[in-house]
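Enquirer: Supplied in structure tokens, the structure appears directly below.
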Amino acid sequence: MTKQESNNLKVLGFDIGIASIGWALVEDSGTRDSRKIIDCGVRIFESVGESHKDRGGKRRARRNIAR
């Protein structure tokens, strides 16, 4: 293993949403131009309960009543 290889840092990042989780594994060797994505993906879950359109309509109604 060379000295440059031993300085590589691997970072696992998550993006957690309402119905999905995105992830990426990134290798960073210390300089801005040397970052690279090793692998990435997303896991999408089935919707459970109300749809976003139903929730949005109810939220808008509550805001109109509050005004």
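Enquirer: Take ARG32 and decide whether it is out of contact with any strand residue (DSSP E or B) (no Cβ under 6 Å at 6 or more places or on another chain), more than 30 Å from ASN8 (Cβ to Cβ) and either open to solvent by 100 Å² or more (accessible area, probe 1.4 Å) or modelled with pLDDT under 85 (or both).
Expert: Details: out of contact with any strand residue (DSSP E or B) (no Cβ under 6 Å at 6 or more places or on another chain): yes; more than 30 Å from ASN8 (Cβ to Cβ): no; either open to solvent by 100 Å² or more (accessible area, probe 1.4 Å) or modelled with pLDDT under 85 (or both): yes.
So ARG32 does not fit the description; no.
Enquirer: The conditions are (1) of a type outside the set (A, V, I, L, M, F, W, C); (2) within 18 Å of ILE16 (Cβ to Cβ); (3) open to solvent by less than 80 Å² (accessible area, probe 1.4 Å), and ARG43 fails exactly one of them. Which is it?
Expert: So ARG43 meets the others, but not (3).
The values are calculated or read from the model by the stated rules, or taken from the named source; none is laboratory data. In this text the structure is predicted, and so the values were computed from the model without any measurement. Positions of Cβ are generated from backbone atoms using ideal geometry, with glycine treated the same way; all protein chains shown enter the neighbour counts. Accessible surface areas use protein heavy atoms only, side chains included; no ligands, DNA or RNA. Shrake-Rupley method; radii C 1.70, N 1.55, O 1.52, S 1.80 Å.
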